[in-house]
Amino acid sequence: MKGTFFRLRGKELSLILIVLVCTTIFVWTWDRTPFLATFLPPKSRFLWLSSDAFTNSVSPESQIHMNKDISTSAENKTVNYQEGQLSNILAPAGPVAETIPDKRKETTESLAEGQAKDKHVVEAQKNSSAENSTILTKTEENGKKNLGEKNSKLEKESVDRRSSADSANLSSSERIKADENSTMLEQNQACNYAKGKWVVDDSRPLYSGAHCKQWLSQMWACRLMQRTDFAYERLRWQPKDCQMEEFEGSRFLTRMQDRTLAFIGDSLGRQQFQSLMCMVTGGKERPDVEDVGKEYGLVKPRGAIRPNGWAYRFPSTNTTILYYWSACLCDLDPLNITNPATEYAMHLDRPPAFLRQYLHKFDVLVLNTGHHWNRGKLKANRWVMHVGGMPNTNRKIADIAGAKNFTIHSIVSWVNSQLPEHPRLKVFYRSISPRHFVNGDWNTGGSCDNTTPMSIGKEVLQDESSDYSAGSAVKGTGVKLLDITALSQVRDEGHISQYSITASRGVQDCLHWCLPGVPDTWNEILFAQL
């Protein structure tokens with residue numbers, strides 16, 4: 001009985017010892033082998049956070065930022081957060097052992113030590129959960145911080161965009177103005193001002209012919225004559241395909257500040273010069289305007305009726321306007337300077353000496369010729385055609401029309417060759433001004449008695465100039481055509497006609513114009529192209 005007791009007790013002790021050894025080996029193996037950790041219950045058995053609690057502690061924005069930013073956190077390398085997967089945050093699928101600090105000590109001595117170890121594991125899991133909770137809290141703080149920073153950044157970007165938009169709107173309005181100005185400039189440059197029609201404008205004329213005495217010759221001021229109809233003064237030229245800029249004297253002077261405009265041509269060029277002086281001053285007295293003719297050698301020669309030209313300067317803008325008389329636009333040299341009745345060499349291929357001498361001073365140049373090209377004028381002036389420094393022997397050029405055409409092409413070609421040396425220079429060749437003699441010429445009883453505006457027409461639709469010589473001469477050059485022929489052709493009522501105070505009895509002037517009148521339009525077209 002006693003032996004049996006000890007025999008049974010010995011078996012029980014052996015079993016207990018075997019159990020303790022197996023338990024110790026299992027715990028030790030468990031601690032050393034991570035694979036066995038997969039047999040542990042999920043982490044949720046140790047720590048479960050309700051979705052409500054998590055939502056209350058972390059805002060949706062923080063969740064988004066946390067999901068994006070936590071993957072870069074050194075503290076959370078063992079947690080693989082995926083954007084939009086809340087379960088990965090609440091219950092990570094990775095091994096719990098990876099999140100438990102390896103602080104347990106090995107024990108193989110007793111079951112109590114194994115149980116203590118198991119208790120330590122549970123506590124470690126709690127500690128791990130606490131650490132995870134801390135990570136979540138830190139992540140929440142980081143998320144909020146990131147949210148604040150990003151919100152601030154977005155706010156700044158929004159302000160910048162609004163500022164950029166405001167600037168863009170301001171710049172846009174400025175660009176629109178610039179584009180409009182640019183478009184108008186492009187239209188003006190491309191506009192055919194010779195194409196259009198005459199319209200009645202009660203705001204005309206631009207100055208008073210009765211008061212512009214400082215600049216306007218009395219022989220062209222029809223208001224000072226016996227003429228009583230002045231409907232011709234109230235017409236304005238309207239180009240067909242573009243708007244012509246309204247002329248203002250102050251605007252002209254501003255545009256021509258520190259610049260010189262020169263008219264070189266015949267008596268019609270002189271009319272255009274006087275018209276412009278009246279337009280710029282509004283036909284009023286201007287004692288401040290300086291006579292600077294001496295600077296250009298424009299003084300009256302001894303025994304002469306008048307000088308070969310005039311030059312005036314507006315001191316407020318340092319703008320100079322001048323005129324030089326050159327009826328044929330070619331150089332004239334006396335063949336015998338000792339003989340007062342000597343003939344003059346008319347050099348068809350040589351520009352006037354005045355133009356060659358003072359070209360460098362000009363910024364705008366307007367050339368014209370035409371009505372002195374007839375046998376009577378050449379004979380009266382004792383002009384002898386020369387080409388190449390010798391009397392002309394070319395029969396084609398000997399013809400008056402051929403000589404005029406040759407001269408126009410020569411002067412245009414020469415001026416064009418000078419443009420590279422004078423890049424600021426703008427040159428215009430004005431086409432011929434039409435005459436309106438009916439039933440004869442100026443010395444054979446010709447007349448122009450019509451006083452009704454636009455009675456022979458008011459519109460010009462042709463694309464090419466009526467002055468073929470002028471149009472062909474400027475083609476392909478840097479010289480612009482100031483085409484006034486056709487638009488002036490329908491204005492036969494605008495001439496001085498029978499009211500001239502200088503012409504002989506019975507002789508009418510159907511060549512020159514009443515001022516104010518048609519030449520004002522020539523200057524408006526010129527102004528639009530400056």
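The values are calculated or read from the model by the stated rules, or taken from the named source; none is laboratory data. Every value quoted in this text rests on a predicted model; they were computed, and no experiment measured them. Backbone-built Cβ (ideal geometry, glycine too); neighbour counts: all protein chains shown. Ligands, DNA and RNA are stripped out before the accessible areas are found, and what is left, the full protein with its side chains, is counted by its heavy atoms. Shrake-Rupley method; radii C 1.70, N 1.55, O 1.52, S 1.80 Å.
To keep it simple, each residue is scored yes or no on (1) of a type in the set (Ser, Thr, Tyr); (2) open to solvent by less than 50 Å² (accessible area, probe 1.4 Å); (3) in contact with a Ser or Thr (Cβ under 9 Å, 6 or more places away or on another chain).
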site: Leu261; (1), (2), (3): no, yes, yes
site: Met279; (1), (2), (3): no, yes, no
site: Lys284; (1), (2), (3): no, no, yes
site: Gly293; (1), (2), (3): no, yes, no
site: Arg306; (1), (2), (3): no, no, no
site: Thr317; (1), (2), (3): yes, yes, yes
site: Trp325; (1), (2), (3): no, no, yes
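Could you tell me whether any residue of region 274-294 is out of contact with any helix residue (DSSP H, G or I) (no Cβ under 9 Å at 6 or more places or on another chain), of a type outside the set (D, E, K, R) and closer than 26 Å to Ala190 by Cβ? The answer is no, given that none of the residues of region 274-294 is out of contact with any helix residue (DSSP H, G or I) (no Cβ under 9 Å at 6 or more places or on another chain), of a type outside the set (D, E, K, R) and closer than 26 Å to Ala190 by Cβ. Kindly evaluate Thr228 against the criterion of being more than 17 Å from Ser203 (Cβ to Cβ), β-branched (Val, Ile, Thr), open to solvent by 10 Å² or more (accessible area, probe 1.4 Å) and at pLDDT 95 or above. Judged against the criteria, Thr228 is not a match. Among residues of region 239-253 that are among the charged types (D, E, K, R), those with a beta-carbon under 7 Å from a residue that is outside any loop (DSSP other than H, G, I, E, B) and at pLDDT 95 or above at least six positions away or on a different chain give the pairs Lys240/Gly196; Glu245/Phe527; Glu245/Ala528. When region 381-400 is filtered for residues that are β-branched (Val, Ile, Thr) and outside any strand (DSSP E or B), the ones remaining, listed by number, are Thr393, Ile397, Ile400.
Candidates in region 217-237 are the residues that are of a type in the set (A, V, I, L, M) and out of contact with any Gly (no Cβ under 9 Å at 6 or more places or on another chain); of these, the one that is farthest from Ser267 (Cα to Cα) is Ala231.
Within this structure, Val299 passes the test of being under 29 Å from Tyr207 (Cα atoms) and either surrounded by fewer than 22 Cβ atoms within 10 Å (Cβ to Cβ) or in contact with a His (Cβ under 8 Å, 6 or more places away or on another chain) (or both).
Pairing each residue of region 444-458 that is in contact (Cβ under 8 Å) with a residue 60 or more places away in the chain with any residue that is aromatic (Phe, Trp, Tyr), provided the two are 6+ apart or on different chains, yields C-beta distances under 8 Å for Gly446/Phe437; Ser447/Phe437; Cys448/Phe437; Thr451/Tyr232; Pro453/Trp198; Pro453/Tyr232; Met454/Trp198; Lys458/Trp198.
Within region 201-212, being under 15 Å from Arg234 (Cβ atoms), in contact (Cβ under 8 Å) with a residue 40 or more places away in the chain and of a type outside the set (Ser, Thr, Tyr) holds for Arg204, Pro205, Leu206, Gly209.
What number goes with the only condition from (1) within 18 Å of Lys361 (Cα to Cα); (2) of a type in the set (Asp, Glu); (3) open to solvent by less than 50 Å² (accessible area, probe 1.4 Å) that Asp266 does not pass? Exception for Asp266: condition (1). Among residues of region 330-361 being under 52 Å from the mean Cα position of the chain (by Cα) and of a type in the set (Asp, Glu), the one that is surrounded by the fewest Cβ atoms within 10 Å (Cβ to Cβ) is Asp333. Scan region 249-259 for residues that are over 22 Å from the mean Cα position of the chain (by Cα) and either basic (Lys, Arg) or surrounded by 13 or more Cβ atoms within 10 Å (Cβ to Cβ) (or both) and the total you get is 3.
Kindly establish whether Asn405 is of a type outside the set (A, V, I, L, M, F, W, C), in a helix (DSSP H, G or I), surrounded by fewer than 18 Cβ atoms within 10 Å (Cβ to Cβ) and modelled with pLDDT of 95 or more. Taking the combined requirement at face value, the residue does not satisfy it.
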